[in-house]
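Participant: Provided herewith is a single structure, encoded as structure tokens, for subsequent inquiry.
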Amino acid sequence: MTAAMRLSPEPIWSFAPDGSVIDIADPRPEVVCFLEMGNVLSKIARFDGRNPGVAFSVAQHSVMGAQAIINEGGSPAEGALFLLHDGHEYIVGDQSRPSQELYSSASHHFYGEERMIDAVATCKSAWDEVIYYAAGLPGPEAWTQKQAALVKSMDARMCRAEAIALFGARAGEQFPKSKPPNLTSAIKPWAPMKAEEEFRKLAYRLIGEGRVIGQAATAGAARSSR
């Protein structure tokens, strides 16, 4: 794991489920909890929730993409890399690509600087490193070219397939054509409780139930008393 770095000179406190707080400007593996990750990601909507009907969650995206990698001959470890690729969002939230581009363009237009996307990438990357370390997996900076290409490709393929399923065939025109993922089930939004449960079950399978539960205990003990 690369050396930990602070993302802000001052603490930035954010609530944990038990009412305590964590400093999200201080990425550390001991505060990572995969059970809480599944809970939070189950309530974060893909596409900013703009699709008609029920939201399609980041947790479901992560589970279905990880399973597709395995269905296509990938290893459990490769599936785990995908399962956690958006894990940072349970800490820093989800800044969608259109929103990032808007804020970046507006900051350049009004203030002469355009670093929003760089700042978001830096924060996500720092949390990625500690999340994968907590899972006993290599962080993105240590991935092989094959691993990086596999996660990136599946992410793009899932995004296109999700857009078509949620918005209709016209939405597919916004993406380069790609082979549909080999999914275990159709892309139909799950309720948050189901998405959380499926994320937990796949985390037990791909990361290890003992590690997941042990990390939850470690995270609970590491929490601030605030």
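The values are calculated or read from the model by the stated rules, or taken from the named source; none is laboratory data. Keep in mind that this is a model prediction, so the values were computed, not measured. Positions of Cβ are generated from backbone atoms using ideal geometry, with glycine treated the same way; all protein chains shown enter the neighbour counts.
Participant: List the number of the failed condition for S178; all other conditions in (1) part of a helix (DSSP H, G or I); (2) surrounded by 15 or more Cβ atoms within 10 Å (Cβ to Cβ); (3) more than 21 Å from the chain's Cα centre (by Cα) hold.
Facilitator: (1)
Participant: Let me ask you something else. Taking only the range 132-148 into account, find how many residues are farther than 22 Å from V92 by Cβ and surrounded by 15 or more Cβ atoms within 10 Å (Cβ to Cβ).
Facilitator: So the answer is 1.
Participant: Which members of the range 149-167 meet the condition of being surrounded by fewer than 15 Cβ atoms within 10 Å (Cβ to Cβ) and under 21 Å from V92 (Cβ atoms)?
Facilitator: Hit for the range 149-167 is K152, nothing else.
Participant: Can you pull out every residue in the range 33-50 that is assigned to a loop (DSSP other than H, G, I, E, B), surrounded by fewer than 22 Cβ atoms within 10 Å (Cβ to Cβ) and modelled with pLDDT of 95 or more?
Facilitator: Restricting attention to the range 33-50, the residues satisfying the condition of being assigned to a loop (DSSP other than H, G, I, E, B) are 33, 42-44, 50.
In the following step, the residues that additionally are surrounded by fewer than 22 Cβ atoms within 10 Å (Cβ to Cβ) were identified as 43-44, 50.
Residues satisfying the conditions are K43, I44.
Participant: Which pairs turn up if I take residues in the range 19-32 that are farther than 12 Å from C123 by Cα and look for partners that are of a type in the set (K, R) and not in a strand (DSSP E or B) with beta carbon separation below 7 Å, at least 6 apart in sequence or on another chain?
Facilitator: Short answer, once both residue conditions are applied: S20/R223; S20/R226; V21/R226; I22/R223.
Participant: Looking at A25, A55, A77 in this structure, which one is surrounded by 16 or more Cβ atoms within 10 Å (Cβ to Cβ) and either in a helix (DSSP H, G or I) or at pLDDT 95 or above (or both)?
Facilitator: Among A25, A55, A77, only A55 is surrounded by 16 or more Cβ atoms within 10 Å (Cβ to Cβ) and either in a helix (DSSP H, G or I) or at pLDDT 95 or above (or both).
Participant: In the range 126-136, is there at least one residue being assigned to a loop (DSSP other than H, G, I, E, B) and out of contact with any helix residue (DSSP H, G or I) (no Cβ under 8 Å at 6 or more places or on another chain)?
Facilitator: Looking through the range 126-136, none of the residues is assigned to a loop (DSSP other than H, G, I, E, B) and out of contact with any helix residue (DSSP H, G or I) (no Cβ under 8 Å at 6 or more places or on another chain).
Participant: Could we say that E129 is within 15 Å of the chain's Cα centre (by Cα), charged (D, E, K, R), crowded, with 18+ Cβ neighbours inside 10 Å and at pLDDT 95 or above here? Talk me through it step by step, then tell me what you get.
Facilitator: Numbers: within 15 Å of the chain's Cα centre (by Cα): yes; charged (D, E, K, R): yes; crowded, with 18+ Cβ neighbours inside 10 Å: yes; at pLDDT 95 or above: yes.
Answer is yes for this residue.
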